[in-house]
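The values are calculated or read from the model by the stated rules, or taken from the named source; none is laboratory data. Here the structure is a predicted model, which means the values were calculated and not measured. Note that each Cβ is placed from the backbone with ideal geometry, even for glycine, and that neighbours are counted across all protein chains shown. What goes into the accessible areas is simple: the full protein's heavy atoms, side chains included, and nothing from ligands, DNA or RNA. Shrake-Rupley method; radii C 1.70, N 1.55, O 1.52, S 1.80 Å.
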Amino acid sequence: MNFDEIVDRRGISAQKWDDQGGEYIPMWVADMDFRIPGPITEALKARIDKGTFGFSYIDDEMYQVISRHYREQYHCEVERDWIVFVPSVMPGANLACRMTGGDIMLNTPMYPHIRRLPQEAHTGVREVPLKETNGFYEMDFEAMEEACDENVTVFVMSNPHNPVGRVFTREELEQLEEFCRRHHLLMVSDEIHCDLVFEGEHIPYFSLSEEAKQNSITLTSGSKTYNIPAIPYAIAIIPNPELRKRYQDICYGLFSPVSVLGVEALKAGYGRCEEWRRELIDYLRANRDYMEERIAAIDGLSVVHNQATYLAWIDCRKLGVESPQKFFLKEAGVNFNDGADFAEPEFVRINFGCPRSQLKEALDRVEAAVKKRKEER
């Protein structure tokens, strides 16, 4: 795979390029500027060539591919009965949060779709900031204890974390599991970036213990890994049969029939794209290292070292501007995600899932804009 290839995504209704409100270098919305893996393209073409798209069902191969993926990547078992298919991760999380009838707890910064869950599920929320020490983020269990009350019934986690890029350790997850158990909280774990880890080891929440298995809904998808969010299909892993039945009852009648293209894409991704995925991780890791080196050299900026995902969290607190996102949009022509949407307005999120030349141009512009501002002051 040539990840340095410039793929022209203009004129195809690409949100990242065509719907951003101007001619900016788009370093924002969470998809990558790479072609999808060849085996997925081939699988989609082969299915389209069949010429029929009647009602379908999930065949045995789909379940086997998912189970094998978890066995090989994470050394844990996923039984067929545990799997529930949903259109994408966030609708799946929305329904999971509706099941408990109580308030949601989550950590900030957190990406906007999870922060919108309380509004979507018509619940209250406790947003508890992660504890940051010299650019390293971890869960603040003391603050979580203070914020938790009898009205909180669900905890929503992002692991690997979006936007700070943490891969939570087993010790952290075990402490979180104990917290949830003590407060009788359902864990809804968004693990959509789990296959894009540079450092550390992703541990699926349900694999921690029998208690975690019985009191969690784990959501994931191939959409981030294989760059196919426009072919949405996701899985909810729910080992507890009673919890799973309640979840399926809520899902019943809300979602469309089986997405045949989503099935083919996920089969090909999990089944035939491992070499591509490893090459992608190597390229993204090099992009991350380049980006971190460049940001560190720009006065007033720093970036959180991320262990996973192609998204990074840039600290602009020393830059001295009211809205870093608007500043870079106007002065550099670079479109980042606004940290305000993640609950930290003095930060921006960068998407470095792009060809190195695009990343370089964006950082060149950022550096020039910051330098110009310093000179004018």
Checked the stretch 162-203 for anything open to solvent by 30 Å² or more (accessible area, probe 1.4 Å) and part of a loop (DSSP other than H, G, I, E, B); matches are T169, H184, E199, G200, E201
Out of (1) over 22 Å from the mean Cα position of the chain (by Cα); (2) over 25 Å from E199 (Cβ atoms); (3) aliphatic (A, V, I, L, M), the odd one out for A340 is which? (1)
Report those helices (runs of 4 or more DSSP H) wholly inside the stretch 57-150 carrying at least 2 residues which are open to solvent by 20 Å² or more (accessible area, probe 1.4 Å), touching a residue at least 40 places away in the same chain (Cβ under 8 Å) and not aromatic (F, W, Y). 60-74, 89-100, 112-115
Quick test for you: out of N287, N227, pick the one residue that is closer than 24 Å to S88 by Cβ, at pLDDT 95 or above and crowded, with 18+ Cβ neighbours inside 10 Å. N227
Cβ contacts < 7 Å: first residue farther than 13 Å from F328 by Cβ, restricted to the stretch 354-377; second residue in a helix (DSSP H, G or I), any location; separation 6+ or different chain. Result? R356/N287; R356/Y290; L359/N287; L359/Y290; L359/M291
Among I314, I298, the single one that is open to solvent by less than 50 Å² (accessible area, probe 1.4 Å) and in a strand (DSSP E or B) is I314
Condition set among the aromatic types (F, W, Y) and buried (at least 22 other Cβ atoms within 10 Å of the Cβ), scope the stretch 326-377, selection nearest to P109 (Cα to Cα): answer is F342
Mind counting the residues in the stretch 333-353 that are in contact (Cβ under 8 Å) with a residue 60 or more places away in the chain and more than 21 Å from Q15 (Cβ to Cβ)? 3
Qualifying positions in the stretch 204-224 - touching a residue at least 24 places away in the same chain (Cβ under 8 Å) and either open to solvent by 10 Å² or more (accessible area, probe 1.4 Å) or touching a Lys or Arg at 6+ places or on another chain (Cβ under 6 Å) (or both): F206, S207, L208, S209, E211, K213, Q214, N215, S223, K224
For V260, all conditions in the list (1) of a type in the set (V, I, T); (2) over 23 Å from N2 (Cα atoms); (3) in contact with an Asp or Glu (Cβ under 8 Å, 6 or more places away or on another chain) hold save one; what is the number of the exception? (3)
Scan the stretch 361-375 and give yes if some residue there is aliphatic (A, V, I, L, M), farther than 13 Å from L301 by Cα and within 22 Å of the chain's Cα centre (by Cα), otherwise no. no
